């Protein structure tokens with residue numbers, strides 16, 4: 001894609017260059033005076049108003065291959081030249097821009113971050129502190145056995161669920177009524193609650209209360225993800241996308257669920273505002289009870305394919321999953 005990049009010459013300058021290799025000086029390091037404090041980088045207006053501005057304008061020209069432009073990066077030096085900033089604003093209005101912004105406050109950088117069409121990803125803290133409940137308490141009546149101990153791609157379904165959720169959530173817990181599942185969790189050093197309650201609302205309540213206890217009274221989870229353990233082809237990338245979507249939403253009352261081409265599925269992530277309702281669901285009801293109660297608050301995140309939201313209920317479906325496993329990245 002078209003674009004620009006910048007790089008530093010340590011202790012000397014900042015250089016902006018086009019992907020063609022053409023470049024210009026846009027910042028110059030000023031050493032501190034003797035006995036003074038730290039030096040600083042000063043904008044080079046001639047470079048910013050001339051070559052750099054023209055490079056940005058060239059990025060905005062029609063391109064037959066892509067609508068995207070990359071800008072790496074914008075910071076204090078670039079913010080100090082209004083003609084250059086004006087060209088960047090025009091670029092943002094005309095193109096889809098993948099831009100890296102310094103994590104500092106200038107009127108120009110704050111203006112870009114405040115745009116209604118800007119998707120902001122904080123690389124220091126990309127995800128809010130969500131908790132995840134892995135649902136592993138089903139009776140498996142249609143399957144005829146404990147399906148979570150069956151294998152797809154060399155791993156049991158519960159192991160795949162642990163792989164899918166690894167490292168994305170601040171805390172996670174497996175809720176199950178099976179000692180075999182609990183043993184696998186112990187081997188993987190994964191939190192697990194073993195119980196003998198009969199209903200789905202019990203599984204939800206146990207998981208949410210466990211996470212609330214782990215976080216502590218002063219800081220509750222930003223949200224609760226409920227991940228069925230019988231979706232073996234769900235990918236980590238899709239779960240990360242779900243969590244990112246909830247993180248950037250900005251409020252705690254959103255409900256984010258995976259879907260594919262109009263077909264709703266799971267996992268589902270409930271914002272932190274639903275904590276009390278999740279622990280007091282009606283008997284035999286799960287999270288779908290709240291989805292039906294608050295349909296306007298539901299946001300759908302598109303899966304990569306229908307196989308991601310498909311679950312295993314029968315031996316025939318398990319064989320189908322094994323046949324589809326080659327779709328995995």
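One table, with the values for the structure above:
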| item | result |
| --- | --- |
| Pairwise centroid distance, computed over Cα atoms, of region 177-192 with region 83-153, Å | 30 Å |
| Folded to 0 to 90 degrees: helix 82-94 orientation relative to the chain principal axis, Cα | 40 degrees |
| Quotient of C-alpha Rg and 2.2 N^0.38 Å, computed over region 131-327 | 0.96 |
| Gap separating the Cα centres of region 286-329 and region 3-31, nearest whole Å | 48 Å |
| GNM flexibility winner over the chain from 170, 296, 273 (Cα, springs under 10 Å) | 296 |
| Neighbour-count ranking [beta-carbon atoms within 10 angstrom, fewest first] of 321, 1 | 1, 321 |
| Distance in nm between pseudo-label sites at residue 236 and residue 121 (7 Å out along the Cβ direction from Cα) | 1.5 nm |
| For region 64-78 versus region 215-272, the gap between their alpha-carbon centres in whole angstrom | 31 Å |
| Relative contact order for the chain, counting Cα pairs under 8 Å that sit 6 or more residues apart, in percent | 13 percent |
| GNM flexibility winner over the chain from 168, 158, 26 (Cα, springs under 10 Å) | 26 |
| Bridge type composition, the chain - antiparallel percent by DSSP, nearest 5 | 50 percent |
| D (Stokes-Einstein, µm²/s), Kirkwood Cα radius, region 3-113, 1.306 mPa s at 10 °C | 110 µm²/s |
| Percent RCO, i.e. relative contact order, over region 131-327, from Cα pairs under 8 Å lying at least 6 residues apart | 25 percent |
| Cα-based equivalent ellipsoid, region 127-210: semi-axes from gyration tensor eigenvalues, Å | 20, 17, 11 |
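No value in this document is a laboratory result; all are computed from the given coordinates. All of these numbers come straight from a predicted model, not from anything done at the bench. A quick note on method: Cβ atoms are made from the backbone with ideal geometry, for glycine too, and the neighbour counts reach across all protein chains shown.
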